[in-house]
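The values are calculated or read from the model by the stated rules, or taken from the named source; none is laboratory data. Keep in mind the model is a prediction, meaning the values are calculated, not measured. Here the Cβ positions follow ideal geometry from the backbone for every residue, glycine too, while neighbour counts run over all protein chains shown.
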């Protein structure tokens, strides 16, 4: 990277962490605005959850099932796993900023494996839940929120997988890596929203 | 500047009709996409107007011509088509066409996503209109689609059928198109400006595009959440979200819906305000008064627009009245700033009145009536008396429907020479203006009076209270007069496309950058750009030399500390892009 070739270049502390010392590309601006709209979408859904929960008498599943099966170990474990994949994803971005494509691919592979495991666990959570989507506000909210979040995880995984294949084909270097930075930001968003969704839903709203 | 007038119609030599069609279907050029938005939204607008004529025929006298179910379906589709398929996309049409030209960009930041937006919009629009063929007919719960009317609760006589689902999915698609579009507008404005085009030199229409883009970006997803919940509620959740019998809350829908739909009225009116500002800046031969205060007022309207949604729900008893009343009153302040700035621009200007200017002045008058009746509504006691009467119908048509349409019509007359290289016919244009101006005032002022007299909205028949029949008849006459005016407009468009007087690059002596290129512009927009050192680069180009030593030039030119006279150093990012 020829950053030192440009004299008097100012380095913005936040921006340089997010996207390196290069100025933000149009693609990155685009994904950041798009993530803001996604945040508002989930804000709408979460607001609906909180509003419906305010009427606690009708909150419990109508078929008498428990709200979540068994203990909370698996949800906690997979929450921690999903949120911590932000770290290898950010390392992948750091690696390609230095032109290290191999480290980028390894880090992205970790994200892909753990993310897929998260989705598989989600499938088992759904199939073991003792209630259907029509069993009252809690049940409907549970499936809607985890479902939309799961769809976003799958979308993020497809996004990352496509960039991973491009990486295998030799795309990306220290200067041209907007897609990796964009995928990283999107993945941070997906993990962050999960924290907002799962904690109220599973632990706090009794 | 090379003449590339033919570039707009086709880039193929000896192209046949199929080639041209294929070219338009596959285009990613912001100008062509803008023109496609314009035609599509215009066509939907005529459909919506036809629905309104059906309603006015029904309401002209007591007694019924069409059934109540048909009437419900027609007024629902009138609102949905006019808002989602005419007013919102026609704003997008002008933003697509003019904004990149105004900032000196080659195209949008993401041209292919721009094309994707248009096709998603078209698909969603077709889905909504096709619901006439659905079993059980179209959605018929009003454009606001309040549950539990939208649900099959077991209590409603005719539960809505597939048409309601098509409406929900269609509007989700339109929202998706809007979000993609807004990302595109925002990134284009932030990243694609020509060197020297700083934020404080953006034309006012571009500023409105920026604020509108932010409103779309942050409010539309909330509507998408509401629509998704509504769809799940109808198909699986059994009313758990919105049906009180199943544990849901109807007010939840209203909150989510208006969190979008109140900013949405600004999404509709702000681009019209931007067009009007630009038109005033040209036809008064003066810079727009208070450029910076215009921008700040715009931003204030955008911010306040997010905290007033519950004033649509005053009578529900579920909202905190004083806060939403106060916040709604506050919006009158930045709106008033804009109003006085426009008037001050005309004050002692060398005003000329081509049709675009007539529609802009008409915009001011209509928006004034609409805005003041809006302040009436903001007062809770008045709203309690007038809620769901024709006063509301008159108010919101005056503001977001008719005033916005006047702004967009001004935009049509103003940018038509740029889009097609020909003037619109002025005689027909003036006839169009007067017919529509008289017509809409006849419609909506009588509706205000009807509302004060207590006539409720969304009814297909009424008892002949004294005066109601007369005023309803006047309203219906007004509807047909303005429809006749729109027919004149339609004829004018085709007449001018074929026989219109040829327009040069800069037919109006414009001030912004879109007039610095040929009409229509080449695919790459600009062969060269003038130096940009104020928000009126073409004025500087024309008169800068001559006014070099005129002390007033400092005052009239820039509105910022350096008077726009001394070119500032281009910013770091501008230098890199340049």
Completion exercise
Among B:267, B:275, B:216, the single one that is at the interface with chain A (Cβ under 9 Å from one of its Cβ atoms), surrounded by 24 or more Cβ atoms within 10 Å (Cβ to Cβ), touching a residue at least 12 places away in the same chain (Cβ under 8 Å) and under 20 Å from the mean Cα position of the chain (by Cα) is B:216
Exercise for the section: Taking the options B:477, B:459, name whichever one is without any contact (Cβ under 8 Å) to a residue 40 or more places away in the chain, in contact with a helix residue (DSSP H, G or I) (Cβ under 7 Å, 6 or more places away or on another chain) and surrounded by fewer than 17 Cβ atoms within 10 Å (Cβ to Cβ). Expected result: B:477
Problem - 1 or more residues crowded, with 24+ Cβ neighbours inside 10 Å, out of contact with any helix residue (DSSP H, G or I) (no Cβ under 9 Å at 6 or more places or on another chain) and touching a residue at least 24 places away in the same chain (Cβ under 8 Å): qualifying helices (runs of 4 or more DSSP H) within the stretch B:358-430 - result: B:404-420
Exercise for the section: From the list B:229, B:251, B:256, pick out the single residue that is closer than 22 Å to residue A:138 by Cβ, at pLDDT 95 or above, within 13 Å of chain A (Cβ to nearest Cβ) and over 22 Å from the mean Cα position of the chain (by Cα). Expected result: B:229
Exercise for the section: Could you tell me whether the stretch A:28-47 includes any residue that is buried (at least 17 other Cβ atoms within 10 Å of the Cβ), part of a helix (DSSP H, G or I) and at pLDDT below 90? Expected result: no
Exercise for the section: Test residue B:566 against the criterion of being modelled with pLDDT of 50 or more, more than 31 Å from the chain's Cα centre (by Cα), at negative phi and part of a loop (DSSP other than H, G, I, E, B), and give yes or no. Expected result: no
Practice task
Would you check which residues across the stretch B:159-193 are at pLDDT below 95, within 30 Å of residue B:532 (Cβ to Cβ) and more than 8 Å from chain A (Cβ to nearest Cβ) and list them?
Solution key: B:193
Completion exercise
Per the filter on the stretch A:1-27, residues assigned to a helix (DSSP H, G or I), more than 14 Å from chain B (Cβ to nearest Cβ) and either at pLDDT 90 or above or under 29 Å from residue A:190 (Cβ atoms) (or both) are A:13, A:14, A:16, A:17, A:18
Problem - Single unsatisfied condition, residue B:467 versus (1) at pLDDT 95 or above; (2) more than 26 Å from residue B:44 (Cα to Cα) - result: (1)
Problem - Yes/no for residue A:178 being within 13 Å of chain B (Cβ to nearest Cβ) and under 30 Å from residue A:22 (Cβ atoms) - result: yes
Practice task
Answer yes or no: is there a residue in the stretch B:236-244 that is surrounded by fewer than 22 Cβ atoms within 10 Å (Cβ to Cβ), in a helix (DSSP H, G or I) and either at pLDDT 95 or above or at the interface with another protein chain (Cβ under 7 Å from one of its Cβ atoms) (or both).
Solution key: yes
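Do the conditions hold for residue B:310, that is, is it buried (at least 20 other Cβ atoms within 10 Å of the Cβ) and either farther than 22 Å from residue B:222 by Cα or without any contact (Cβ under 8 Å) to a residue 12 or more places away in the chain (or both)?
So residue B:310 fails the test.
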Practice task
Kindly check whether there is at least one residue in the stretch B:487-496 that is touching a strand residue (DSSP E or B) at 6+ places or on another chain (Cβ under 7 Å), under 20 Å from residue B:359 (Cα atoms) and surrounded by 18 or more Cβ atoms within 10 Å (Cβ to Cβ).
Solution key: yes
Practice task
Scan the stretch A:92-104 and give yes if some residue there is within 26 Å of residue A:38 (Cβ to Cβ) and outside any helix (DSSP H, G or I), otherwise no.
Solution key: no
Problem - Leading residue by the ranking (surrounded by the most Cβ atoms within 10 Å (Cβ to Cβ)) among those in the stretch B:122-139 that are in a loop (DSSP other than H, G, I, E, B) and either at negative phi or without any contact (Cβ under 8 Å) to a residue 60 or more places away in the chain (or both) - result: B:139
Practice task
Take the residues in the stretch A:48-67 that are facing chain B (nearest Cβ under 8 Å) and part of a helix (DSSP H, G or I), then tell me which one is modelled with the lowest pLDDT.
Solution key: A:58
Handout entry: Answer residue from the stretch A:163-184, given it is in contact (Cβ under 8 Å) with a residue 60 or more places away in the chain, in a helix (DSSP H, G or I) and in contact with a helix residue (DSSP H, G or I) (Cβ under 6 Å, 6 or more places away or on another chain) and is nearest to residue A:25 (Cα to Cα) among those
Key = A:178
Practice task
Determine, yes or no, whether residue B:299 is more than 10 Å from chain A (Cβ to nearest Cβ), modelled with pLDDT of 95 or more and surrounded by fewer than 24 Cβ atoms within 10 Å (Cβ to Cβ).
Solution key: yes
Fill in the blank from the handout: Of those in the stretch B:337-348 that are in contact (Cβ under 8 Å) with a residue 24 or more places away in the chain and touching a helix residue (DSSP H, G or I) at 6+ places or on another chain (Cβ under 8 Å), the residue surrounded by the most Cβ atoms within 10 Å (Cβ to Cβ) is B:342
Fill in the blank from the handout: Every listed condition ((1) away from chain B (no Cβ under 14 Å); (2) buried (at least 17 other Cβ atoms within 10 Å of the Cβ); (3) in a helix (DSSP H, G or I)) holds for residue A:193 save (1)
Exercise for the section: Identify all residues within the stretch A:123-162 that are more than 13 Å from every other protein chain (Cβ to nearest Cβ), part of a loop (DSSP other than H, G, I, E, B) and crowded, with 20+ Cβ neighbours inside 10 Å; write none if there are none. Expected result: A:129
Exercise for the section: Return the only residue of B:196, B:142 being more than 14 Å from chain A (Cβ to nearest Cβ), surrounded by fewer than 24 Cβ atoms within 10 Å (Cβ to Cβ), on the phi > 0 side of the Ramachandran plot and under 23 Å from the mean Cα position of the chain (by Cα). Expected result: B:142
